[in-house]
Amino acid sequence: MCIMSKVLIDTNVLVGFVDKGDKWHKRCVDLISRLSLQGDEVIILDVVMFEAISVLAKRFNEKGRGREIGEVIDKLVNFFFRYITWTGEMWGGVFDLVVERVKLSEGELNFNDAFICVFCYINKVEYVASFDRDFDKVLFIKRIE
């Protein structure tokens, strides 16, 4: 990857970064460190942050670790808030494209992942940091892990 690339971070990397019990935790910490050292432009979409908080809340609740969720969410937000791209105003213009991308993928891409694809295409973001192999089928995205 070239230095100073735009890299969009997917939900599973955010979750793995803050959840020490996640199977990807060490790899996520290493990945975020590597991106920071390389000087890459890190992009986190608001919908990815929303999904990460939801995944963490459900995971910690289901594992009987609900009391820890406040600290974990604080770590997530405090570390990544400055990287959030707020996308609310673009939804009216891309909703149909996102729905079409879900349909074209025959359901392999969920709605948020399809939105990531559309966002990357429109904003010329070439890299997505993710452990989700569905992005490998998107011709204009290079997945890194």
| remark: Being in a helix (DSSP H, G or I) and either in contact (Cβ under 8 Å) with a residue 12 or more places away in the chain or not hydroxyl-bearing (Ser, Thr, Tyr) (or both) narrows GLY64, GLY70 down to just GLY70
| said: Name the single residue that is nearest to PHE17 (Cα to Cα) among those in the stretch 111-145 being free of Cβ contacts under 8 Å to residues at least 40 places away in the same chain and exposed (fewer than 15 other Cβ atoms within 10 Å of the Cβ). | reply: ARG133
| Are any residues in the stretch 1-49 among the small types (Gly, Ala, Ser) and either loosely packed, with under 13 Cβ neighbours inside 10 Å or touching a His at 6+ places or on another chain (Cβ under 6 Å) (or both), and if so, which ones? | GLY16, GLY21, SER33, SER36, GLY39
| task | Check the stretch 116-129 and report whether any residue there is farther than 26 Å from ARG34 by Cα, modelled with pLDDT of 95 or more and in a helix (DSSP H, G or I). | result | no
| remark: Residue set VAL98, VAL77, VAL72, VAL55; condition under 24 Å from LYS23 (Cβ atoms), crowded, with 19+ Cβ neighbours inside 10 Å, among the aliphatic types (A, V, I, L, M) and at pLDDT 95 or above; output residue VAL72
| note | Within the stretch 36-60, the count of residues that are within 23 Å of PHE111 (Cβ to Cβ) and assigned to a helix (DSSP H, G or I) comes to 14
| request: Restricting attention to the stretch 73-87, report how many residues are among the β-branched types (Val, Ile, Thr) and assigned to a helix (DSSP H, G or I). | output: 2
| note | Across the stretch 101-115, the tally of residues that are in contact with a Phe, Trp or Tyr (Cβ under 9 Å, 6 or more places away or on another chain) and either at pLDDT below 95 or not in a helix (DSSP H, G or I) (or both) stands at 1
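The values are calculated or read from the model by the stated rules, or taken from the named source; none is laboratory data. A quick note: this is a predicted structure, and the numbers were derived from the prediction, not measured. Positions of Cβ are generated from backbone atoms using ideal geometry, with glycine treated the same way; all protein chains shown enter the neighbour counts.
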